[in-house]
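Comments concern the structure below.
The values are calculated or read from the model by the stated rules, or taken from the named source; none is laboratory data. Everything numeric in this text was worked out from a predicted model, so none of it was measured. Because the Cβ atoms are built from the backbone with ideal geometry, glycine has one as well, and the counts that use them run over all protein chains shown. Just the protein is used for accessible areas: all its heavy atoms, side chains included, with ligands, DNA and RNA removed. Shrake-Rupley method; radii C 1.70, N 1.55, O 1.52, S 1.80 Å.
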Amino acid sequence: MIRGGVQAGAYAGRVWTNIHVQLGLREPGLRPEDIDAAVEAALPEDEGLDWKMQLPFAGSPKGEALEAKSLELAKDVAAMANGVGGVIVFGVQEARTGVPMAVVDVAGEEEVHEQQMRRVISSRTYPPVGGTQFAWIRWEDGSTVLALHVPASPDAPHLVRPPRSQQ
């Protein structure tokens, strides 16, 4: 999709996002200052940008809570893959209106969280959404957010698999 004369999606082998388009950034990839600028500019969520305060499996949810978190992640990824693609940024507190308010550190066990998310994306979307990329963005003080890049999919439409108990 073209916005402001710039195509959102992969750019020169690195990821180009709606954050880049809306802020007029010229370099692909996201840096801490880009996230700070997006929060300061109060960039609202849209079909290609989703703010999340926590990683989906923070606090090690179990049972129904784990199922709800898995389902929410699968739905968000499938929706972006079925559309123009986009980025989900974990570690940004938002107002009820979908406007970012502050960066919230999500550092800790990054490899475990990434593996869990990859597993959910591959097992809960059908056909599985491919091409997702994880970018851990770190500030000098150690604060970290995760940008999950979801490309527009040539295999769309993607459906979300229900829990095994409902199949």
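Quick look at the numbers
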read-out: Filter pass, residue 153 being among the polar types (S, T, N, Q), part of a loop (DSSP other than H, G, I, E, B) and open to solvent by 20 Å² or more (accessible area, probe 1.4 Å); value: yes
read-out: Pairs where the first residue, in the range 61-73, is in a helix (DSSP H, G or I) and the second is crowded, with 17+ Cβ neighbours inside 10 Å and among the basic types (Lys, Arg), C-beta under 7 Å, 6+ apart; value: 70/124
read-out: All positions within the range 99-121 that are under 20 Å from residue 141 (Cα atoms) and touching a residue at least 60 places away in the same chain (Cβ under 8 Å); value: 101, 102, 103
read-out: Residue 4 vs. criteria open to solvent by 70 Å² or more (accessible area, probe 1.4 Å), modelled with pLDDT under 95 and at positive phi; value: yes
read-out: Test: residue in the range 89-97 that is at pLDDT below 95 and basic (Lys, Arg); value: yes
read-out: In the range 84-98, residue least open to solvent (accessible area, probe 1.4 Å) [restricted to those that are over 21 Å from residue 136 (Cα atoms) and hydrophobic (A, V, I, L, M, F, W, C)]; value: 95
read-out: Answer residue from the range 115-148, given it is part of a helix (DSSP H, G or I) and open to solvent by less than 40 Å² (accessible area, probe 1.4 Å) and is nearest to residue 91 (Cα to Cα) among those; value: 117
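This table checks each residue for (1) within 22 Å of residue 68 (Cα to Cα); (2) not small (Gly, Ala, Ser).
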| position | (1), (2) |
| --- | --- |
| 82 | yes, yes |
| 89 | yes, yes |
| 110 | yes, yes |
| 121 | yes, yes |
| 135 | no, no |
| 139 | no, yes |
| 144 | no, yes |
| 148 | yes, yes |
| 154 | no, yes |
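Conditions (1) under 29 Å from residue 21 (Cβ atoms); (2) open to solvent by 70 Å² or more (accessible area, probe 1.4 Å); (3) touching a strand residue (DSSP E or B) at 6+ places or on another chain (Cβ under 7 Å), marked per residue:
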site	(1), (2), (3)
50	yes, no, yes
57	no, no, no
62	no, yes, no
76	yes, no, yes
82	yes, no, no
